[in-house]
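To keep things clear, I will list the structure first and then write my remarks on it.
The values are calculated or read from the model by the stated rules, or taken from the named source; none is laboratory data. These numbers were taken from a predicted model, which means no experiment stands behind them. All Cβ positions, glycine included, derive from the backbone under ideal geometry; neighbour counts span all protein chains shown. All accessible areas refer to the heavy atoms of the entire protein, side chains included, with ligands and DNA or RNA removed. Shrake-Rupley method; radii C 1.70, N 1.55, O 1.52, S 1.80 Å.
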Amino acid sequence: MPLDDIITLEVGEDENLTRLAVHKTVLCSSSPFFEAACKPEWMKAEDRVIKLPVDDPVAVKAMVCWMYHNIICISSEMDGHEESDTKDDAMKTPYGLFAKLFVLGEEYQMPRLRNHAIDAIIHRSEEDSFAIRINPYVYADTCDDSLLRKVLVRLALHLYDKALISRAKNELCGGFIFDLALVSFDYLENQEESRTIDCSSPAIGFCGNYHAHTENSSGKCKVLKKYRVDS
């Protein structure tokens, strides 16, 4: 891919303002949103700046890395961060970053990034404890039928028991609790069909259940796409 003009992404505001230089070709080929933002009617040729004041600089850096390398990268420091009993701490874990990348993928029309973020969450959950306290962020920044919400509910059913859920009860938002309850009511309504609550890993059938594909996508994904830890 030939590289051309540089576009500056100004992320955050005031003391948190971060500037990221991205090749226009990379930016536009990754996202219809940014492709439109780079058109002359929206951007002056002499400016070459796109402002993202409400986005998290760390997440946007990870998004830009993904644009160039087609893989989600996390720092070794983040990789070693353990969730405590607060939402803020949970959002500093890799799960927090993956959730933010999913939201950025929705905001900037990048279904492959959303899929990769889902894969990273599922893959991480098979190796490390799941940071369930990211649920308030997820439910505040996604729609009712969000695939990310569905993954969180399945992970809770798969990995958590009564004791673990009770420990996190003060950090569970109403929408998340409601979705968990719906699973139980669905089971009760369909007992005569011998249905059971599905507590299996979301890795089973991950593509069909949690991926969004465009018309140009070729078939189902065979394996979860892993993330990378950088030193």
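Please get the size of the charge dipole for the chain, origin at its Cα centre, with Cβ charges of +1 on Lys and Arg and -1 on Asp and Glu, quoted in debye to the nearest 20.
On the way: 26 positive and 38 negative charges, 115 e Å.
Rounded to the nearest 20 debye, it is 560 debye.
For segment 120-137, take each phi angle, set θ = phi - 60°, evaluate the Karplus expression 6.51 cos²θ - 1.76 cosθ + 1.60, and give the result in whole Hz per residue in order, putting x for glycine and proline.
Along segment 120-137, the couplings run 4, 4, 5, 4, 4, 5, 7, 10, 9, 4, 7, 7, 5, 6, 7, 4, x, 5 Hz.
Beyond 24 Å between alpha-carbons counts as too far, so tell me which of K39/K100; K150/K222; K39/K220 fall in that bin.
K39/K100; K39/K220
Within the accessible area of the chain, what % is carbon and sulfur when the probe is 1.4 Å and the other protein chains stay in place? List each step's numbers first, then the result.
Values: 6350 of 12820 Å².
After summing per-atom areas, the C and S share lands at 50 percent.
Compute the orientation-averaged projected area for the chain from the convex hull of its Cα atoms and round it to one decimal in nm².
For the Cα atoms of the chain, the hull's average projected area reads 15.1 nm².
Given springs between every Cα pair under 10 Å in a Gaussian network model of the chain, which of S166, S146, S125 has the largest fluctuation?
S166
Ratio of Rg to Rh for segment 66-117, alpha carbon only, Kirkwood?
On the way: Rg = 11.9 Å, Rh = 11.6 Å.
Looking at segment 66-117, the ratio lands at 1.02.
Give the span of segment 8-113's Cα atoms along each principal axis, as three whole-Å numbers ordered largest to smallest.
So the extents along the principal axes, rounded to whole Å, are 48, 31, 21.
Using a Förster distance of 35 angstrom, determine the FRET efficiency expected from the C-beta separation of T86 and C143, and round it to 0.05. Working shown, then result.
Numbers: r = 25 Å, r/R0 = 0.73.
The computed FRET efficiency comes out at 0.85.
Could you order W66, W42 by accessible surface area, starting with the largest, using a probe radius of 1.4 Å?
W42, W66
Cysteines without a disulfide-compatible partner in the chain, using Cβ under 4.7 Å as the rule?
C28, C38, C65, C73, C143, C173, C199
Once each part is reduced to its C-alpha centroid, what is the distance from segment 47-89 to segment 97-134 in angstrom?
Segment 47-89 and segment 97-134 have Cα centres separated by 11 Å.
For the chain, what's the relative contact order in percent, using C-alpha pairs closer than 8 Å and at least 6 residues apart?
Working: 306 pairs, mean separation 44.8, N = 231.
Worked out over the chain, it gives 19 percent.
Where is the GNM fluctuation largest for the chain (alpha-carbon springs, 10 angstrom cutoff): G205, G12, G80?
Per the Cα network of the chain with a 10 Å cutoff, G80 tops the list.
Can you bin segment 123-181 into rounded, prolate or oblate? Criterion: square roots of the alpha carbon gyration tensor eigenvalues sorted a ≥ b ≥ c, rounded for a/c under 1.5, prolate for a/b above b/c, oblate for the rest. Could you put the intermediate results ahead of the total?
On the way: a/c = 1.68, a/b = 1.19, b/c = 1.41.
In terms of gyration-tensor shape, oblate.
In a Gaussian network model over the chain where Cα atoms closer than 10 Å are linked, find which of R124, R48, R114 has the largest mean-square fluctuation.
R48
HN-Hα J couplings of segment 100-107 from phi, Karplus 6.51/-1.76/1.60, θ = phi - 60°, integer Hz, Gly and Pro as x?
5, 5, 4, 5, 4, x, 6, 4
Want the number for S75 to D5: 0.36 nm per residue separation, take away the alpha-carbon distance, what's left?
22.4 nm
Pull up all non-local amide H partners of I74: gap of 5 or more, or a different chain, and H-to-H distance under 5 Å with H placed in the peptide plane.
Residues meeting the amide H criterion: R228, V229, D230.
So what's the net charge close to V22: Lys and Arg +1, Asp and Glu -1, counting the other residues with Cβ under 12 Å from its Cβ?
Details: positive: R19, K24, R48, K61; negative: D4, D5, E10.
Charge balance in the 12 Å sphere: +1.
Using modelled backbone amide H atoms (1.01 Å from N, in-plane), which distant-in-sequence or interchain residues come within less than 5 Å of I7's amide H?
V22, H23, K24
If you plug each phi of segment 17-28 into the Karplus form 6.51 cos²θ - 1.76 cosθ + 1.60 with θ = phi - 60°, what whole-Hz ³J(HN,Hα) values come out, in order, with x for Gly and Pro?
Calculated HN-Hα couplings, in order: 5, 10, 10, 10, 8, 9, 5, 4, 4, 5, 4, 6 Hz.
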